[in-house]
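No lab work stands behind these numbers, since they all come straight from the coordinates. Keep in mind that this is a model prediction, so the values were computed, not measured. Note: ideal-geometry Cβ built from the backbone for every residue, glycine included; neighbour counts use all protein chains shown.
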Amino acid sequence: MRITLEDVCQSYDSFEVLRNISFTAETGEVLALLGPNGCGKSTLIKTVCNVKPAFSGSVHIDGTNIAAINKKALAKLMAYVPQGTTHSVFSTVYDAVLVGRRPYMEWSYTRNDLRIAAEAMVAMNVGDLADRYVNELSGGQMQRVFIARALTQDPSFYLLDEPTSSLDIRNQLDTMRIMNEIVKGRGSGMIVALHDLNLALRYSDKVLVMKDKGVYAFGRPEDVITERTIREVYGVDAEIVEGKHGKYIQPYDRSDAGLCIS
Amino acid sequence: MVKELTESEMLMEAQQTSLYDILRNKVSYDGLEGLYIVTVRKRVMFILGLLVLTIVASLLALGIGSVDIPVTDTLKVIGHQLSPSSIPGPENEWYSTIILKSRMPRILMALITGISLAISGVIMQGLLRNPLVSPFTLGVSSAASFGAAMTIVYAPSIFGSFYYGGVMILGQDIIFRNILLILFSFLFGLASVMLVIVVSGRGDASRSTVILAGVVISYLFQAGISFAKYISDDEALREITLWLMGGMWGVTWSSVLILIPIVAVGFILMEKLAVDINTLSTGDDVASSLGVNVSKLRNRGLALSALVTSACLAFTGIIGFIGLMAPHICRIFIGNDTRYLMPAAALMGALILLVSDTVGRVIIRPSQLPVGVIMYIIGGIFFMWLITRKNWRNMA
């Protein structure tokens, strides 16, 4: 499956959020969205899955305009996990994960639905929380529950908005690795908004860097994530260091280098 | 004290419960499916238990009142009605009259009203993702009452003899007055829900905003009711005042027979929305990405709940808090899956209202206390407990 965006613009009321975004994402690949806070990553993800239809421009899935695809059919193609959750979900973890089967069911869950949900919970390491209430969980546990729900949806594409933001370092790595394995193993695709450039460097196949509501750069992570990009997009000086386990980014504060503004 | 791990220790710990192992079936998940099936079984048992309790309570309630009737005679009356040839009626012929003419419609009304308020509570709480909303807190009750009050005051002069006319359905007189009452209660009930949505912004407005909007709208319609009282003549004033207290005394078979199909159809349609309402618990955006048309679902669900509550309240007057109490009590036992919560809360609501009404009938007998008054007392205490619960305070 291939998702193509052409000249997508987006706005909230009269406030422009995205400007002329074009790119292509394919199954079998992890595409990382990078950019500073408020650059429109979340809005872009919502636009891709048609939760917020594009103001202008178009989103195509294998050549079909997304607006022409039935909502339920689209739900089988794409799973969306928003950033954090502002409200608590007052239901058990199992119920919250099973919700992902909505596109496939009418009123009751089959044994198969239960199995898929169980597998997803175990994969995201929340199996032992199955009968706990979601609102009693920690932020990191909740986030894993919501990713498990996306796995339960069994889509061709995963759209994750900062899935690792409230996870500890172990769960960050585990989550990225497992999603990577699913993408490679099942031939799914993933578009993931990330703040951690190191995770993007390690786990993505392509990177889209956003700046000022538009695309700054799009390409392979080692080509795109450079010291210059980091400086121009984030306004941060950083060094890309060749470590024992591959490249990693070491940002440093300007004051460290004796460039203290005051 | 935080223990510092060496690199090799960290590596070891990471390997012990690596997600890889789990994915590769090294950890069993058979138990999890079993867990869910057990959960569902528990939920169904809870619902069946409530059903049995409600039936028993109804039978007992039929027997008690200003005249106490033994349970065996109550059963005889019902049995005789169902199968006149095989089961003889009770020896006291007037037992039949009391039960069939007076108590049975009243008890059915309590059950139907309890059901409708409780399912509306479940639906509203699910649709607005707000544990504090209910027909009462959103102002639907006041609005519906206003509609009914206006009907009582104005309809006789506008519609004339038509108002008191009726048609025979199933051997019962269906009076046009009752149909008008339902119609106008519903129209105003619906208007109040729409107003709450508009005033509070959108469906996912913050919890307190929605409640405040509900309170404001409630006051508006209560002012309207006061106005209706002020301009009404003595007879209408008495009727309105009595009926506003929230009671089951004026209930006839005619009103019960209109309500049964409305609430039954409402329940079935709401139950059909239950799966979609479950998806809403994850937020509007996720629900939408799961293929649910959120605004359509919200409008449809709120209109349905306005319909069933307004229709019942048109006859009983304002009865508060059932829509909050029944769903929350059930949630403690069976969780928040709307598919199961709806029938459970329906029965719980029916049971609470039936018990309260029966208590009201006997506590100062031979006189009666309006059930609305009892519900205000129990419900008020419950509501205070609810808003101080840590669990929900965190959710605001």
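Calculated mean residue ellipticity at 222 nm for chain B: -24500 deg cm²/dmol, from DSSP H runs with n ≥ 4 weighted as -39500 (n - 2.57), summed, divided by the residue count and rounded to 500. A Cβ-based charge dipole, computed about the Cα centre of the range B:105-393 with Lys and Arg at +1 and Asp and Glu at -1, lands at about 600 debye.
For the range A:2-225, relative contact order (Cα pairs under 8 Å, six or more residues apart, normalised by length) works out to 29 percent. The alpha-carbon of A:Lys72 sits under 19 angstrom from the alpha-carbons of these aspartates and glutamates, leaving out residues fewer than 8 places away in its chain: A:Asp62, A:Glu106, A:Asp113, A:Asp154, B:Asp276, B:Asp284, B:Asp285. Put the Cα centre of the range B:347-363 next to the Cα centre of the range B:92-170 and the gap is 15 Å.
A convex hull fitted around the alpha carbon atoms of the range B:285-375 yields 105 Å³ per residue. Ordering B:Trp249, A:Trp107 from the fewest to the most neighbouring beta carbons within 10 Å gives A:Trp107, B:Trp249. Its relative contact order, with pairs defined as Cα atoms under 8 Å and 6+ residues apart, puts chain B at 27 percent. So if the hydrodynamic radius of chain A is defined as the Kirkwood radius over C-alpha pairs, what does Stokes-Einstein give as its diffusion coefficient at 37 °C and 0.692 mPa s, in µm² per second? Answer, rounded: 170 µm²/s.
Counted over the protein assembly as shown with a bin width of 20 Å, the fraction of Cα pairs per bin, in whole percents, is 17, 41, 27, 12, 2, 0.
When each of B:Phe159, B:Phe136, A:Phe157, A:Phe15 is scored by the number of other beta-carbon atoms lying within 10 Å, the sequence from fewest to most is A:Phe15, B:Phe159, A:Phe157, B:Phe136. Normalising the average separation of contacting C-alpha pairs (under 8 angstrom, six or more residues apart) by the number of residues puts the relative contact order of the range B:214-333 at 34 percent. Taking A:Gly235, A:Gly246, A:Gly57 as the candidate residues, the one with maximal mean-square fluctuation in a Gaussian network model of chain A, Cα springs under 10 Å, is A:Gly246. Cross-link pairs exceeding 21 Å in C-alpha to C-alpha distance, out of A:Lys52/A:Lys76; A:Lys71/B:Lys272; B:Lys76/B:Lys101; A:Lys71/A:Lys211, comprise A:Lys71/A:Lys211. Each Lys and Arg adds +1 at its Cβ and each Asp and Glu adds -1 at its Cβ; summed about the Cα centre, chain A shows a dipole of about 580 debye.
Computed from the alpha carbon positions, the gyration tensor of the range B:105-393 leads to an equivalent ellipsoid with semi-axes of 30, 20, 19 Å, biggest first.
Pairwise inverse Cα distances across the range B:57-211, averaged and inverted, put the Kirkwood hydrodynamic radius at 18.8 Å.
Going from the residue with the fewest nearby Cβ atoms within 10 Å to the one with the most, B:Thr72, B:Thr252, B:Thr113 rank B:Thr72, B:Thr252, B:Thr113.
Residues in the range B:108-123 carry Karplus couplings, in order, of 4, 4, 4, 5, 5, 5, x, 4, 5, 5, 5, 5, 5, x, 4, 5 Hz; the curve used is 6.51 cos²θ - 1.76 cosθ + 1.60 with θ = phi - 60°, and Gly or Pro positions show x. Under the convention that each Lys and Arg Cβ holds +1 and each Asp and Glu Cβ holds -1, the size of the dipole of the protein assembly as shown around its Cα centre is about 1100 debye.
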